[in-house]
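Since the structure comes first, as structure tokens, the remarks are kept for the end.
No value in this document is a laboratory result; all are computed from the given coordinates. Values in this document were obtained by computation on a predicted structure and should not be read as measured data. Counting neighbours? That spans all protein chains shown, and the Cβs are built from the backbone with ideal geometry, glycine included.
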Amino acid sequence: MKVRKAIIPAAGLGTRFLPITKAMPKEMLPIVDKPTIQFIVEEAKNSGIEDILIVTGKSKRSIEDHFDSNPELEQDLEETGKVELLKLTQQITNLGVNLYYTRQPHPAGLGDAIYRARSFVAGEPFIVMLGDDLMSDKVPLTKQLINDYNEIHASAIAVMQVPHEEVSKYGVIEPEGKITKDLYNVKSFVEKPAIEDAPSDLAIIGRYLLTPEIFDILEHQKPGRGGEIQLTDAIDSLNKTQRVFAHVFTGQRHDVGNKEGYLETSIQYGLKHPETKDELRKYIIELGKKLEQESKKK
Ligand code: UTP
């Protein structure tokens, strides 16, 4: 069966970004001039996804507005002859994918957010994409997972090697031998293990290809770590009845879900953006010199 659908859960509280996330979704934080969720939607589109369900919640209305048309703005841009900006604005409404929305009434966990997509998914294999992680590689990571599915007809979860001291922030896999250059068999999936208990340094990153049987498990899934319905726990159960593989991602991952990662990503993208790259580069070089002098004085 062709993989055509994706879910973007975006109903979390974004507490790591307070106070900005009090009234604004963290998924709308800009990387230079584009909200993170638009990068995710574009990755889905470039991977051949046709239908996307965004799971939203309170204070998340601006996500829907962003992908909607804005006739007043468009008219103004047209009248003032700002042709390029008009094109840019209209492109967002015509990205070439169908967007659907549903709400998660309480942020009861990622597993609970995904469960709300059951009837949307309607028995097909599907992709989950988290807005916290921006991925770049020659072939989009979502497409890499779809390519896996076309070979193995099973779930594949994206993982990446992370520094050992950081494993407790992630879901981690206990690998059980490689089956190809990129794919591992997995013995177990563990949500946020203590550093000393982590079965490996291969952490789950924000892209999953799942078979629809995950919903039968989520339906009865009990709250796990942090009192939340954990997707990782459901994946671990799924792996007991059908094989779930781990796909090792070797491209670049930008973790924009925490302040430091967000700032670093903004600088890296700013150094590539045609409108900012030259001035930003000059500024960073100057700033580097100044900081070096300051640290010598100390
Ligand atoms: P995170 O844990 O990274 O997001 O969940 P968060 O809860 O919003 O952020 P912090 O930890 O409080 O700072 C990963 C993704 O899953 C979504 C989030 O919106 C985020 O994109 N999510 C999480 C939901 O949609 N519902 C939930 O109940 C939990």
* **GluC sites (Glu not before Pro), loop per DSSP, at most 11 other Cβ atoms within 10 Å - longest free stretch of the chain** => 1-218
* Reach of K290 by Cα under 16 Å, taken over lysines that are not fewer than 8 positions away in the same chain -> K282, K298
* **Rel. contact order, % - alpha carbon contacts under 8 angstrom, at least six apart, the stretch 129-265** => 35 percent
* What is the calculated FRET efficiency for R243 to L13, with r their C-beta to C-beta distance and R₀ = 35 Å, to the nearest 0.05? -> 0.55
* Before rounding to the nearest 500, sum -39500 (n - 2.57) across all DSSP H runs of length at least 4 in the chain and divide by the residue total; then give [θ] at 222 nm in deg cm²/dmol. => -10500 deg cm²/dmol
* **Of K87/K277; K45/K87; K2/K138; K5/K58; K26/K289; K22/K82, pairs whose Cα-Cα distance is over 28 Å** => K26/K289; K22/K82
* To do: Name the long-range amide H neighbours of V244: under 5 Å, sequence gap of 5 or more, or other chain; modelled H, no Pro or chain starts.
  => V186
* Extending each Cα 7 Å along its Cβ direction at K178 and I20, get the distance between those two points in nm, one decimal. => 3.8 nm
* Point-charge dipole on Cβ atoms (K/R +1, D/E -1) for the stretch 139-207, about Cα centre, debye to 20 -> 300 debye
* Structure fact -> Magnitude of the Cβ-charge dipole (Lys and Arg +1, Asp and Glu -1) of the chain about the Cα centre, nearest 20 debye, reported as 480 debye
* Which net charge results when you count Lys and Arg as +1 and Asp and Glu as -1 among the other residues whose beta-carbon is under 15 Å from that of A23? -> +3
* When we measure straight from the Cα of K187, which aspartates and glutamates land under 20 angstrom away, once same-chain ones fewer than 8 places off are left out? -> D148, E174, E176, E196, D197, D201, E213, D233, D236
* Distance from the stretch 222-298 to the stretch 111-148 (C-alpha centre basis), Å -> 19 Å
* **Estimated translational D of the chain in µm²/s (Stokes, Kirkwood radius over Cα pairs; 37 °C; 0.692 mPa s)** => 160 µm²/s
* Asked: Using a Gaussian network model of the chain with C-alpha springs under 10 Å, which one of K143, K272, K192 is most mobile by mean-square fluctuation?
  -> K272
* Taking every DSSP beta bridge that has both residues in the chain, what percent is antiparallel when rounded to the nearest 5? -> 55 percent
* To do: Only Cα pairs under 8 Å and at least 6 apart count here; give the relative contact order of the stretch 23-171 as a rounded whole percent.
  => 30 percent
* Within-12-Å neighbourhood charge of L77 [Cβ basis; K, R +1; D, E -1] -> -4
* Structure fact -> the chain, Gaussian network, Cα under 10 Å: of L77, L218, L271, the residue fluctuating most is L77
* To do: If a/c stays under 1.5 just call it rounded; otherwise compare a/b with b/c (prolate if a/b is bigger, oblate if not). Do that for the stretch 99-186, with a ≥ b ≥ c from the square roots of the Cα gyration tensor eigenvalues.
  => oblate
* Given a cut-off of under 8 Å on Cα pairs at least six residues apart, what relative contact order in percent is computed for the chain? -> 21 percent
* Structure fact -> Listed with the fewest Cβ neighbours within 10 Å leading, S237, S47, S155 appear as S237, S47, S155
* To do: Assign one of three labels to the stretch 24-110, namely rounded, prolate or oblate, based on the Cα gyration tensor with a ≥ b ≥ c the square roots of its eigenvalues; rounded applies when a/c is under 1.5, prolate when it is not and a/b is larger than b/c, and oblate otherwise.
  => prolate
* Structure fact -> Expected unfolding gain across E151-K297 under the 0.36 nm per residue rule, minus the alpha-carbon gap, is 46.6 nm
